[in-house]
Amino acid sequence: MVDVPLLSPLPEEELEERFIRASGPGGQNVNKVSTAVELRFDAAHSPSLPDDVRARLLKLAGRRATSEGVIVICAQRFRTQDRNRADARARLAELIARAHEKPLARVATRPTRAAKIRRLEAKRTQGERKRQRTRRTSIDE
């Protein structure tokens, strides 16, 4: 995991953390201690994000975003609460940093003459191949 600094730090009041029991290995500890972290960030209503970044963030979040625009990150990779908290915040920071990157605009290009000729030749050979597969019946039969 790469440390990605937040371009504009999020205020603590915009983040909501809930500690839940983690699944997986951990022995008795996993049954007693709530070490997993569920980090919630209301991206749709956050005043800290510009509109274009908000739209890209919700798109990047995919299934981690609810229909109301809340991003939910569940971290349970580590056995301690502190490391899981740091992991969840780092993952959110990485997501926001990726949303800050503006996608490059596509530059329209036209196919070259040689590319058009290659495409038409490929179509011709494919058509010929299919014509050869058909069963020919003769009139003499």
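The values are calculated or read from the model by the stated rules, or taken from the named source; none is laboratory data. These numbers come from a predicted model, not from an experiment. Positions of Cβ are backbone-derived with ideal geometry, glycine not excepted, and every protein chain shown enters the neighbour counts.
Annotations for the structure displayed:
- The residue that is modelled with the lowest pLDDT, among those in the stretch 56-114 that are of a type in the set (Asp, Glu) and under 19 Å from residue 20 (Cβ atoms), is 82.
- Within the stretch 65-83, the set of residues being part of a helix (DSSP H, G or I) and surrounded by 16 or more Cβ atoms within 10 Å (Cβ to Cβ) comprises just one member, 81.
- If you go through the stretch 48-66 and keep only what is of a type outside the set (Lys, Arg) and touching a residue at least 24 places away in the same chain (Cβ under 8 Å), you end up with 48, 49, 52, 53, 57, 60, 61.
- Cβ-Cβ under 7 Å pairs, at least 6 apart or on other chains, the stretch 82-98 side farther than 13 Å from residue 37 by Cα, far side of a type in the set (Val, Ile, Thr) and outside any helix (DSSP H, G or I): 93/4; 94/4; 97/4
- Restricting attention to the stretch 84-139, the residues being within 26 Å of residue 57 (Cα to Cα) and part of a helix (DSSP H, G or I) number 17.
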